[in-house]
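Notes for the one structure printed next.
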Amino acid sequence: EIPSEQWAQVVEKSGGPVVYKKIPVQKPGPDEVLINIKYSGVCHTDLHAMMGDWPLATKLHLVGGHEGAGVIVAKGDLVTDLELGDYAGVKWLNGSCLACSFCMQADEPLCPHALLSGYTVDGSFQQYAIAKAAHVARIPKECDLEAVAPVLCAGITVYKGLKESGARPGQYVAIVGAGGGLGSMAIQYASAMGLHVIAIDGGEEKGKSCRTLGASAYVDFLNTSDLVQEVKNATPDGLGPHAVLLLAVQEKPFQQATEYVRSRGAVVCIGLPAKAYLKAPVFDTVVRMITIKGSYVGNRQDTQEALDFFQRGMIKVPIKTVGLSELQDVYKMMEEGKIVGRYVVDTSR
Ligand code: 8ID
Ligand code: ZN
Ligand code: ZN
């Protein structure tokens, strides 16, 4: 009973808007599955894709979305370890070659032949989406598909970023952009991993949410006379956090993080503001032994670990659910920086 047509949100030209319309349902190839998407999170990356912000072209027409949670309804002949009816997730990494030196070492996000959901191939803002079986997230049957959707990008990405930071239980991590989608997840993962969280974002509503999610301090970048000092003061010895996760969609915090990170600490870049550059004083970076690095989604093992934290009840992020038909309104709020936590779209309306 798979229909031949379905509702989808389609980017028809770079810059948008998305067009809500009926399009054909595709058939999975031999190594692919067809997932009936029930819910999809809306990531800021989807907005970047529509706006053409990055130096990498998207497919056009494009169905965006890469936090899609649903049920497998068809599969190719080569797919033996997934069954119809299983819960599965479409994530950013739709597929990879599985044979290059990166794939062989579980760095499949770095695969030169990677397929990206909602960017180079159609993603989860449709009722039936296709993904390579090797890469779909295996979602345990006990999980609520609506609540788990944002784990599929935001959760995996911040969990990986925290691991890449090298921060250990008992240490302090600053999360920049803590009130947004990735940030809310990051507070919860960091807390679950035994880290103290210094949340940085703008406005009282986001501050309240960050504290509720587990941050021990909140620094309001819109309302501080000395952000660097305030962040350092939030650690008991005043020497700054052991790691910084940069999730903001602005260049300024990327220039600032080395000023407050602790000596020997790590600055992990995850947010992708358009046309932005990193800047750090060479002197400080050397004599304070600062590490600056990027972190990009996660591999298949990171995916299953991130889902395991969720299944154990450790990740509870505020979501607001609207119909898929309302996606353009979500983009508008996102552009204005008004979203606290994550929006999820329900593909049935
Ligand atoms: O694998 C990756 N590296 C990856 C994966 C997923 C997403 C990267 N991303 C990128 C997205 O493309 C986007 O550029 O991470 C960024 C954040 O995505 P998001 O969490 O989905 O965006 P959001 O919900 O809009 O949250 C951004 C927050 O940053 C705050 C905003 O107030 C908002 O809460 N923010 C901004 I804009 N400027 C800030 C500043 N100067 C700031 N917070 C603190 N200081
Ligand atoms: Zn994303
Ligand atoms: Zn590869």
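Put simply, the amide H of residue 20, placed in the peptide plane, has neighbours under 5 Å in 10, leaving out anything fewer than 5 places away on its chain. In this structure the amide hydrogen of residue 294, modeled in the peptide plane, comes within under 5 Å of the amide hydrogens of 269, none closer than 5 places in sequence on its chain. Computed from the alpha carbon positions, the gyration tensor of segment 105-167 leads to an equivalent ellipsoid with semi-axes of 21, 19, 11 Å, biggest first. Beta bridges per DSSP, both residues in the chain: antiparallel share near 55 percent.
How long are the three semi-axes of the equivalent ellipsoid for segment 41-152, computed from the Cα gyration tensor as the root of 5 times each eigenvalue, in whole Å, largest first? Please list the in-between numbers first.
Values: eigenvalues 95, 70, 31 Å².
Here the semi-axes work out to 22, 19, 13 Å.
At q = 0.09, 0.14, 0.21 Å⁻¹, what is the base-10 log of I(q)/I(0) for segment 155-294 according to the Debye formula with one equal point scatterer per Cα and no solvent? Please give it to two decimals. At q = 0.09, 0.14, 0.21 Å⁻¹ the computed log10 ratios are -0.21, -0.54, -1.33. A convex hull fitted around the alpha carbon atoms of segment 239-289 yields 62 Å³ per residue. Remark: segment 119-126, residue by residue, has Karplus-estimated 3J(HN,Hα) of 9, 9, 9, 5, x, 9, 8, 7 Hz, where x stands for each Gly or Pro and the curve is 6.51 cos²θ - 1.76 cosθ + 1.60 at θ = phi - 60°. Largest GNM mean-square fluctuation across 310, 283, 125, computed for the chain with C-alpha springs under 10 Å, falls on 283. Measuring against 25 Å, Cα to Cα, the residue pairs 232/332; 59/160; 22/75 contain 232/332; 59/160 as the ones spanning a longer distance. Reported value for the chain: 127 Å³ per residue, from the convex hull of its C-alpha atoms.
From the alpha carbon centroid of segment 291-349 to that of segment 167-217 is 15 Å.
Rounded to whole numbers, the Karplus 3J(HN,Hα) couplings from phi for segment 64-74 are x, x, 8, 10, x, 10, x, 10, 6, 10, 7 Hz, using 6.51 cos²θ - 1.76 cosθ + 1.60 with θ = phi - 60°, and x at Gly and Pro.
Across segment 229-241, coupling constants 3J(HN,Hα) worked out from phi with the 6.51/-1.76/1.60 Karplus curve, θ = phi - 60°, read 5, 5, 5, 4, 5, 7, 9, x, 9, x, 9, x, x Hz, and Gly and Pro carry x.
Divide, for segment 201-275, the radius of gyration over alpha carbons by 2.2 N^0.38 Å, where N is the residue count. Working shown, then result.
Details: Rg = 12.3 Å, N = 75, 2.2 N^0.38 = 11.3 Å.
Scaled against compact globular proteins, the figure is 1.09.
Of all the C-alpha pairs in segment 300-349, what % are more than 15 Å from each other? In whole percent, the long-distance tail amounts to 59. Between amide H atoms placed 1.01 Å from N, distances below 5 Å from residue 43 occur with 66, all of them 5 or more places distant or on a separate chain. The GluC sites (Glu not before Pro) of segment 1-91 that DSSP puts in a loop, and whose beta carbon has at most 11 other beta carbons within 10 Å, are 1, 83.
Rank the residues 245, 115, 182 as a footprinting-exposure proxy: fewest other Cβ atoms within 10 Å of their Cβ go first. Provide the component values of the computation, followed by the final result.
Numbers: 245 35, 115 17, 182 26.
In order of increasing Cβ crowding within 10 Å: 115, 182, 245.
Taking the helices alone, the chain has a mean residue ellipticity at 222 nm of -7500 deg cm²/dmol, built from -39,500 (n - 2.57) per DSSP H run of at least 4 residues and averaged over all its residues.
The numbers here are math on the coordinates, done by the rules we state, and not lab data. This one's a predicted model, so the numbers in the text were calculated from it and none came from an experiment. Neighbour counts run over all protein chains shown; Cβ positions are idealised from the backbone, glycine included.
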